[in-house]
Ligand code: O7M
């Protein structure tokens, strides 16, 4: 499914027991609004460890045409390998893949040549992002403008970075922003700074009622 450029919530399905994930696949189908899910290495590891099929395959079975499925491999390898990883993710049901840009335009171009949506990491939510990655964030944003990048990742923990980079990107590029609650930002912080989506993991997966937590966060996003 297409990831729209409008306010929404991306639920990060990180490390959790397979049975819990299967439960999520049930209630995720019933969400009303602009939601997406993100699956990456933590869940891949859990499923492999338990001898199960890749979580993307399970997500595709239950959620295809219900909400976008994003593969967060934070891909960063040579062009040949990066494109292979992305290709497998798309084949297993990913509607978009997340990759790094610091490897250079050749890698990004090779993944884009698969003809499917790509989201590029431009700055990250951890404080260490300022040591190296932030120093090339502007260049990464400019690179996106010359390529068919659908969306970029910017930190909710540093809204000023969202404001500054947003000025440099094409109006059609969506911004997804993690760092809410568990990492210190408040719901709505990133949206007010110009992000389209907030990405939330533990504040949902650690809640007593994850579905209610997701719906409440989504409401806060809409009101921001
Ligand atoms: O809400 P949390 O802190 O439990 O989870 C945040 C999720 O966002 C988790 O899946 C991280 O891998 C991801 N993330 C960050 O926390 N910071 C970043 O800078 C980038 C990401 C991310 O999703 O990158 C694509």
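Quick note: the coordinates plus some simple rules give every number you see, no bench work behind them. If you're wondering where the values come from, they're calculated on a predicted model, not measured in any experiment. Here Cβ is always computed from backbone atoms with ideal geometry, including for glycine, and neighbour counts include all displayed protein chains.
At what distance in angstrom do the alpha carbon centres of the stretch 23-82 and the stretch 90-160 lie from each other?
19
Can you sort 80, 174 by how many other beta carbons sit within 10 Å, fewest first?
Going from least to most buried by this count: 80, 174.
Only helical DSSP H runs with n ≥ 4 go in: add -39500 (n - 2.57) per run for the chain, normalise by residue count and round the 222 nm mean residue ellipticity to 500 deg cm²/dmol.
-11500 deg cm²/dmol
What is the projected area of the convex hull of the Cα atoms of the stretch 11-134, averaged over all directions, in nm²?
Over every viewing direction, the Cα hull of the stretch 11-134 projects on average to 8.3 nm².
State, to one decimal in nm, how far the label point of residue 84 lies from the label point of residue 192, with both points 7 Å from Cα in the Cβ direction.
According to this spin-label approximation, the distance is 4.7 nm.
Could you grab the relative contact order for the chain? Cα pairs under 8 Å, six or more apart, rounded to a whole percent.
20
Using only Cα atoms, figure out Rg for the stretch 117-203 and give it as a multiple of 2.2 N^0.38 Å.
Rg over 2.2 N^0.38 Å, computed on Cα atoms: 0.99.
With viscosity set to 1.306 mPa s at 10 °C, what whole-number translational diffusion coefficient in µm²/s follows for the chain from Stokes-Einstein and a Kirkwood radius over Cα pairs?
Once the numbers are plugged in, D ends up at 91 µm²/s.
Between 203, 96, 190, where does the largest GNM mean-square fluctuation fall for the chain, given springs only between Cα atoms within less than 10 Å?
Evaluated over the chain, the most mobile residue of the options is 203.
Can you compute the FRET efficiency between residue 224 and residue 50 using 1/(1 + (r/R0)^6), with r the Cβ-Cβ distance and R0 = 41 Å? Round to the nearest 0.05.
0.60
Got a sec? How would 17, 105 order by Cβ neighbour count within 10 Å, fewest to most?
17, 105
Order of 65, 209, 196, 72 from fewest to most other C-beta atoms within 10 Å?
Exposure proxy ranking, most exposed first: 65, 209, 196, 72.
Among DSSP beta bridges lying fully in the stretch 8-222, give the percent that are antiparallel, nearest 5.
0
Top mean-square fluctuation among 126, 53, 34, Gaussian network model of the chain, C-alpha springs under 10 Å?
So, out of 126, 53, 34, the one fluctuating most is 53.
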